[in-house]
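Report on the following structure.
The values are calculated or read from the model by the stated rules, or taken from the named source; none is laboratory data. Please read these numbers as outputs of a predicted model, since none were measured by experiment. In this analysis, Cβ positions are derived from the backbone assuming ideal geometry, glycine residues included, and neighbour counts consider all displayed protein chains. Remember, those area values only see protein heavy atoms, side chains included, never the ligands or the DNA or RNA. Shrake-Rupley method; radii C 1.70, N 1.55, O 1.52, S 1.80 Å.
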Amino acid sequence: MNEITLHYHLIIPSIISILILGIIFLKRKRIFGNGKLKWFWISLTVFFLFYLFIVGGATYNDIYAQWNSNKFDLNQDGFFSGNEITPEQQEAMRNLISDTGRNFSFITGLIFSGIIAFFVFGIGKITELIKKKKTTHNTVSYEKH
(Lines give C-alpha, C1' and ligand atoms only; values in the text may rest on other atoms or scores of the structure.)
Protein backbone atom coordinates (compact mmCIF):
# COMPACT_ATOMS: atom_id res chain seq x y z
CA MET A 1 0.00 0.00 0.00
CA ASN A 2 0.94 3.63 -0.10
CA GLU A 3 1.38 6.23 2.59
CA ILE A 4 -1.57 7.02 4.83
CA THR A 5 -3.88 9.62 3.32
CA LEU A 6 -6.10 12.01 5.23
CA HIS A 7 -9.52 12.53 3.69
CA TYR A 8 -10.61 16.16 3.48
CA HIS A 9 -14.26 15.36 4.12
CA LEU A 10 -13.23 14.01 7.54
CA ILE A 11 -10.36 16.31 8.46
CA ILE A 12 -12.02 19.66 7.60
CA PRO A 13 -15.14 19.10 9.79
CA SER A 14 -12.90 17.92 12.63
CA ILE A 15 -10.72 21.03 12.41
CA ILE A 16 -13.75 23.33 12.19
CA SER A 17 -15.29 21.65 15.25
CA ILE A 18 -12.06 22.02 17.22
CA LEU A 19 -11.77 25.70 16.25
CA ILE A 20 -15.37 26.50 17.19
CA LEU A 21 -15.05 24.64 20.49
CA GLY A 22 -11.83 26.56 21.16
CA ILE A 23 -13.56 29.88 20.49
CA ILE A 24 -16.46 28.93 22.75
CA PHE A 25 -14.00 27.89 25.47
CA LEU A 26 -11.97 31.10 25.21
CA LYS A 27 -15.03 33.36 25.15
CA ARG A 28 -17.06 31.31 27.66
CA LYS A 29 -17.36 34.09 30.27
CA ARG A 30 -18.93 36.48 27.79
CA ILE A 31 -20.96 33.82 25.97
CA PHE A 32 -22.43 31.97 28.94
CA GLY A 33 -22.81 35.07 31.12
CA ASN A 34 -25.92 36.15 29.23
CA GLY A 35 -28.91 34.29 30.66
CA LYS A 36 -31.10 34.63 27.57
CA LEU A 37 -28.88 32.64 25.22
CA LYS A 38 -27.35 30.31 27.81
CA TRP A 39 -29.11 27.15 26.61
CA PHE A 40 -28.43 28.00 22.97
CA TRP A 41 -24.69 28.14 23.63
CA ILE A 42 -24.77 25.00 25.77
CA SER A 43 -26.59 23.08 23.04
CA LEU A 44 -24.20 24.47 20.41
CA THR A 45 -21.26 23.25 22.49
CA VAL A 46 -22.89 19.83 22.86
CA PHE A 47 -23.49 19.75 19.08
CA PHE A 48 -19.85 20.39 18.23
CA LEU A 49 -18.56 18.01 20.92
CA PHE A 50 -20.67 15.14 19.60
CA TYR A 51 -19.90 16.06 15.99
CA LEU A 52 -16.18 16.07 16.74
CA PHE A 53 -16.54 12.73 18.53
CA ILE A 54 -18.32 11.15 15.53
CA VAL A 55 -16.17 12.59 12.73
CA GLY A 56 -12.95 12.39 14.73
CA GLY A 57 -13.69 8.75 15.53
CA ALA A 58 -14.29 8.03 11.86
CA THR A 59 -11.00 9.77 10.99
CA TYR A 60 -9.15 7.70 13.59
CA ASN A 61 -10.73 4.47 12.30
CA ASP A 62 -9.79 5.38 8.72
CA ILE A 63 -6.17 6.08 9.62
CA TYR A 64 -5.97 2.87 11.66
CA ALA A 65 -7.47 0.81 8.81
CA GLN A 66 -4.89 2.24 6.38
CA TRP A 67 -2.04 1.62 8.81
CA ASN A 68 -3.22 -1.92 9.55
CA SER A 69 -3.45 -2.71 5.84
CA ASN A 70 -0.02 -1.19 5.13
CA LYS A 71 1.74 -3.49 7.59
CA PHE A 72 0.95 -6.49 5.34
CA ASP A 73 2.77 -4.97 2.34
CA LEU A 74 6.12 -6.57 3.15
CA ASN A 75 8.08 -5.43 0.09
CA GLN A 76 6.56 -1.92 0.15
CA ASP A 77 5.62 -1.99 -3.55
CA GLY A 78 2.02 -0.89 -3.01
CA PHE A 79 0.53 -4.24 -4.04
CA PHE A 80 -0.29 -7.45 -2.21
CA SER A 81 1.11 -10.54 -3.84
CA GLY A 82 2.36 -14.01 -2.97
CA ASN A 83 3.04 -14.55 0.70
CA GLU A 84 1.61 -11.11 1.60
CA ILE A 85 -1.91 -12.38 1.03
CA THR A 86 -3.07 -14.00 4.26
CA PRO A 87 -6.45 -14.26 5.97
CA GLU A 88 -5.36 -11.42 8.29
CA GLN A 89 -4.40 -9.26 5.28
CA GLN A 90 -7.74 -9.98 3.64
CA GLU A 91 -9.56 -8.98 6.84
CA ALA A 92 -7.49 -5.77 7.07
CA MET A 93 -8.24 -4.98 3.43
CA ARG A 94 -11.96 -5.65 3.96
CA ASN A 95 -11.93 -3.20 6.90
CA LEU A 96 -10.18 -0.62 4.74
CA ILE A 97 -12.49 -0.84 1.74
CA SER A 98 -15.71 -1.15 3.79
CA ASP A 99 -15.68 2.58 4.43
CA THR A 100 -19.23 3.72 3.68
CA GLY A 101 -19.92 4.49 7.34
CA ARG A 102 -16.66 6.40 7.73
CA ASN A 103 -17.17 8.36 4.52
CA PHE A 104 -20.70 9.45 5.41
CA SER A 105 -19.94 10.15 9.07
CA PHE A 106 -19.76 13.89 8.40
CA ILE A 107 -23.42 13.78 7.30
CA THR A 108 -24.72 11.32 9.89
CA GLY A 109 -22.75 13.24 12.52
CA LEU A 110 -24.68 16.39 11.62
CA ILE A 111 -27.97 14.56 12.03
CA PHE A 112 -27.21 12.80 15.32
CA SER A 113 -25.42 15.79 16.85
CA GLY A 114 -28.31 18.03 15.83
CA ILE A 115 -30.85 15.71 17.45
CA ILE A 116 -28.88 15.50 20.69
CA ALA A 117 -28.31 19.27 20.78
CA PHE A 118 -32.01 19.86 20.14
CA PHE A 119 -32.95 17.67 23.11
CA VAL A 120 -30.38 19.39 25.34
CA PHE A 121 -31.79 22.78 24.33
CA GLY A 122 -35.39 21.66 24.87
CA ILE A 123 -34.75 20.03 28.23
CA GLY A 124 -32.73 23.05 29.37
CA LYS A 125 -35.45 25.51 28.38
CA ILE A 126 -38.17 23.39 30.02
CA THR A 127 -36.12 23.12 33.22
CA GLU A 128 -35.54 26.88 33.18
CA LEU A 129 -39.26 27.51 32.69
CA ILE A 130 -40.19 25.18 35.57
CA LYS A 131 -37.66 26.86 37.86
CA LYS A 132 -38.96 30.29 36.89
CA LYS A 133 -42.55 29.18 37.56
CA LYS A 134 -41.61 27.76 40.97
CA THR A 135 -39.74 30.94 41.89
CA THR A 136 -42.65 33.12 40.78
CA HIS A 137 -45.15 30.87 42.58
CA ASN A 138 -43.10 30.89 45.81
CA THR A 139 -42.70 34.67 45.67
CA VAL A 140 -46.44 35.15 45.25
CA SER A 141 -47.29 32.73 48.08
CA TYR A 142 -44.87 34.50 50.47
CA GLU A 143 -46.41 37.87 49.63
CA LYS A 144 -49.91 36.58 50.52
CA HIS A 145 -48.85 35.57 54.04
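Computed quantities for the displayed model
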quantity: All positions within the range 43-55 that are surrounded by fewer than 19 Cβ atoms within 10 Å (Cβ to Cβ) and more than 14 Å from ILE115 (Cα to Cα); calculated: PHE53
quantity: Residue check for ARG102: of a type in the set (Lys, Arg), in a helix (DSSP H, G or I), open to solvent by less than 60 Å² (accessible area, probe 1.4 Å) and at pLDDT 75 or above; calculated: yes
quantity: GLU91 vs. criteria surrounded by 12 or more Cβ atoms within 10 Å (Cβ to Cβ) and farther than 25 Å from ILE31 by Cα; calculated: yes
quantity: Close pairs (8 angstrom Cβ cut-off, 6 or more residues apart or separate chains): over 13 Å from TYR51 (Cα atoms) and touching a residue at least 12 places away in the same chain (Cβ under 8 Å) in the range 108-126, open to solvent by less than 90 Å² (accessible area, probe 1.4 Å) and charged (D, E, K, R) anywhere; calculated: GLY124/LYS38
quantity: Hey, TYR64 touching a residue at least 12 places away in the same chain (Cβ under 8 Å) and aromatic (Phe, Trp, Tyr) or not; calculated: no
quantity: Test result for THR59, of a type in the set (S, T, N, Q) and without any contact (Cβ under 8 Å) to a residue 40 or more places away in the chain; calculated: no
quantity: Residue within the range 3-26 that is open to solvent by 40 Å² or more (accessible area, probe 1.4 Å), β-branched (Val, Ile, Thr) and outside any helix (DSSP H, G or I) present; calculated: yes
quantity: Test: residue in the range 32-39 that is on the phi > 0 side of the Ramachandran plot and part of a loop (DSSP other than H, G, I, E, B); calculated: no
quantity: Restricting the range 32-42 to residues that are over 23 Å from LEU110 (Cα atoms) and open to solvent by less than 90 Å² (accessible area, probe 1.4 Å), the residue that is modelled with the lowest pLDDT; calculated: ASN34
quantity: Inter-residue pairs, beta-carbon under 8 Å, first touching a residue at least 40 places away in the same chain (Cβ under 8 Å) and in the range 43-54, second open to solvent by 40 Å² or more (accessible area, probe 1.4 Å) and hydroxyl-bearing (Ser, Thr, Tyr), 6+ apart; calculated: ILE54/THR108
quantity: Residue in the range 118-138 that is surrounded by 10 or more Cβ atoms within 10 Å (Cβ to Cβ), part of a helix (DSSP H, G or I) and modelled with pLDDT under 75 present; calculated: yes
